[in-house]
Amino acid sequence: MSYSEQEFIKLLFLLSDTQQWLTQMSHDLFALLPNSSRLKQKSYYLSITAFAHIIERHYYRIERHPGTGKFCLPVHDIIQHIKEAKEETTHPVHGTLNYYRTKDTGTIIGHERNGNPTSLITVITCPAGNIITAFPGSP
């Protein structure tokens, strides 16, 4: 089976929509139980929904959301840079409970929202550590 980025992105969006639906259903079900907070995953985790958000908003081949930073490298490289950013120090996102980490990849990975090329990737996580989004540039 050959790799087609276009087909991969279509499948990613389909899985993301399905995952959102399943996640909401499981959340609603577990919410019925006492002490259900221990059932939630608490780590540096990239869900299919979060990754679909990243691709939809920050991938150069998706023409939505002008004025945002855009990755200009293959999808599998974006995932690799997100993985590598785990080792970076976290900092609070001002005005939220979320955290961010920024990694210099050493090579141009895209452009920031102002159009300048950048080698930085920023990953935003929730307080439990799950990945919310990632984009090229600094926060």
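The values are calculated or read from the model by the stated rules, or taken from the named source; none is laboratory data. Because the structure is a prediction, the values reported are computed rather than measured. Glycine gets a Cβ as well: all are built from the backbone with ideal geometry, and neighbour counts include every protein chain shown. With ligands, DNA and RNA removed, areas are computed over all heavy atoms of the protein, side chains included. Shrake-Rupley method; radii C 1.70, N 1.55, O 1.52, S 1.80 Å.
Residues in the range 113-120 carry Karplus couplings, in order, of 4, 7, x, 6, x, 9, 9, 8 Hz; the curve used is 6.51 cos²θ - 1.76 cosθ + 1.60 with θ = phi - 60°, and Gly or Pro positions show x. Beta bridges per DSSP, both residues in the chain: antiparallel share near 95 percent. The calculated FRET efficiency for the pair M25 and N130, based on their C-beta separation and a Förster distance of 25 Å, comes to about 0.85.
The fraction of accessible area contributed by carbon and sulfur in the chain is 56 percent, rounded to a whole number (1.4 Å probe; ligands and nucleic acids excluded).
Cross-link reach is defined here as a Cα-Cα straight distance under 13 Å, omitting same-chain residues fewer than 8 places apart; for K70 the aspartates and glutamates meeting it are E56, E112.
Under 5 Å from the amide H of G110 lie the amide H atoms of C72, T118, each residue being 5 or more positions distant or on a separate chain, with H modelled from the backbone and absent for Pro and chain starts.
For Y59, nonlocal amide neighbours, meaning residues 5 or more places apart or on other chains whose placed amide H falls under 5 Å from its own, are F71. Of the options [x] 0.97; [y] 1.02; [z] 1.12, only one is Cα Rg over 2.2 N^0.38 Å as computed from these coordinates, and that is [z]. Summary value for the chain: 23 percent relative contact order, contacts being C-alpha pairs under 8 angstrom separated by 6+ residues. In this rough spin-label picture, where each label sits 7 Å from Cα along the Cβ direction, the D104-K83 distance is 2.4 nm.
Could you compute the FRET efficiency for T90 and T68, with r as their C-beta to C-beta distance and R0 at 22 Å, rounded to 0.05?
Efficiency, rounded to the nearest 0.05: 0.50.
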